[in-house]
Structure formats: structure tokens, C-alpha cells
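The values are calculated or read from the model by the stated rules, or taken from the named source; none is laboratory data. Everything numeric here is computed off the predicted structure, so don't read it as measured data. Reconstructed Cβ throughout: ideal geometry from the backbone, glycine too, with neighbour counts over all protein chains shown.
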Amino acid sequence: MSVVDTLVSAVAANPGLTLILAVLLALVFGGYLYLRKVVVNVAEGYDEGRR
């Protein structure tokens, strides 16, 4: 439980840093999903073009 307590106290002490980390995580995850969508659509386009 001490790890959770340490994490909670760190978040409470640094709300700005927590917000920045959350935004960065959202951007990385969103970028991954966007690039994955682009690659899948390109692959489907190539497959349709070959038919």
C-alpha cells in the first residue's frame, strides 16, 4: 500500500505535472491510434487496387 500512498501524495503535491503527463499520454495514445488507422487504410487500398 505504500506505493499507492506515495503515488497519491505525488499527484496531490504536483497537479500541474500530473495534468501535463496525462495530456502527453493522451497525445501518444491518440497518435498511435491515428497512425494505426492510416496504415490499415493504406493496406486495404493496396489490396483493393490489386483486385
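Things to note:
- Region 7-51, residues that are over 23 Å from the mean Cα position of the chain (by Cα) and hydroxyl-bearing (S, T, Y): S9, Y46
- Restricting the first member to region 16-39 and to residues that are modelled with pLDDT under 95, and the second to residues that are not charged (D, E, K, R), the beta-carbon pairs closer than 7 Å and six or more apart or on different chains are T18/V11.
- Just one of the listed residues (V11, V42) is surrounded by 10 or more Cβ atoms within 10 Å (Cβ to Cβ), part of a helix (DSSP H, G or I) and in contact with a Ser or Thr (Cβ under 8 Å, 6 or more places away or on another chain), and it is V11.
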